[in-house]
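Following: one structure in structure tokens, then a few remarks.
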Amino acid sequence: MNSWVALLVLVSVAVSLFGYWRAFRLHRRILAIEPAFRGLVTQFLDRVTRRKDPSVRKARR
Amino acid sequence: MKLEDFILWLLSLFGGLALCGARLGWLLFGVAPEPPQDPAAFGLWQRKRRWLVFSEISALPAFATISVTVGKLRAWPVEGVILLSMVLGALGFAFFLDALQTLVRRRMGLDGASSSPQVAPSAPIGGSVDPAP
């Protein structure tokens, strides 16, 4: 049973790594065509803020 | 493996899928920047988004298995197992890859200057983005 669990985790992580690697390669190809392209955010730490001036939200309150 | 373990694994999988789907929707359709103008680059952009979704969703069985295993080893209640799976799904595979990359870089002393976690981990796919407020 333990070997099946380890195999499941391994296969899942391997497929995820493969998908991430493909996305990374495609991102490099997009950058070769359009160097000014701003990439896709992958997680919440590198999200793009659309707020131009942070004081605007404060003034509305 | 008992049937209740499998049901718990399935519940963890769906819990992780719910939050992972919410995060992917927010990232891909909520805060995503504009697509590239060039038609060839636009096709690549669509393929890149698709592969990113494959990558995140295929990590969910590993997350569910990890949470069930940790829950069994630590004798957690069922809710704790599902909550851990949901947290892992919400953080996502890219989060852990970026965290690993940051740790390795810091250990090797490659980027001593960029100590902020907003800029350094986003290099592979995020590119140059503004730091979070």
| task | Just round it to a whole percent: the fraction of Cα-Cα distances in region B:3-91 exceeding 14 Å. | result | 65 percent
| Using θ = phi - 60° and the Karplus curve 6.51 cos²θ - 1.76 cosθ + 1.60, what whole-Hz ³J(HN,Hα) does each residue of region B:85-99 get, with Gly and Pro shown as x? | 5, 5, 5, 4, x, 6, 6, x, 5, 5, 4, 6, 5, 5, 5
| query | So how do B:W45, B:W76, A:W4 line up by other beta-carbon neighbours within 10 Å, fewest first? | reply | A:W4, B:W76, B:W45
| Karplus-derived HN-Hα couplings along region A:2-16 (A = 6.51, B = -1.76, C = 1.60, θ = phi - 60°), whole Hz, x at Gly and Pro | 4, 5, 5, 5, 5, 5, 4, 5, 4, 5, 5, 5, 5, 5, 5
| query | Counting partner chain Cβ atoms within 10 Å of every residue's Cβ in B:64-76, what's the average? | reply | 1
| message | Residue by residue through region B:72-81, what is 3J(HN,Hα) from phi via Karplus (6.51 cos²θ - 1.76 cosθ + 1.60, θ = phi - 60°)? Round to whole Hz and write x for glycine and proline. | response | 6, 5, 9, 6, 7, x, 4, 5, x, 4
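Read-outs: derived from the displayed coordinates by stated rules, not from any lab. Just so it is clear, the model here is predicted, and its values are computed rather than measured. Quick reminder, even Gly has a Cβ in these numbers, built from the backbone with ideal geometry, and neighbours come from all protein chains shown.
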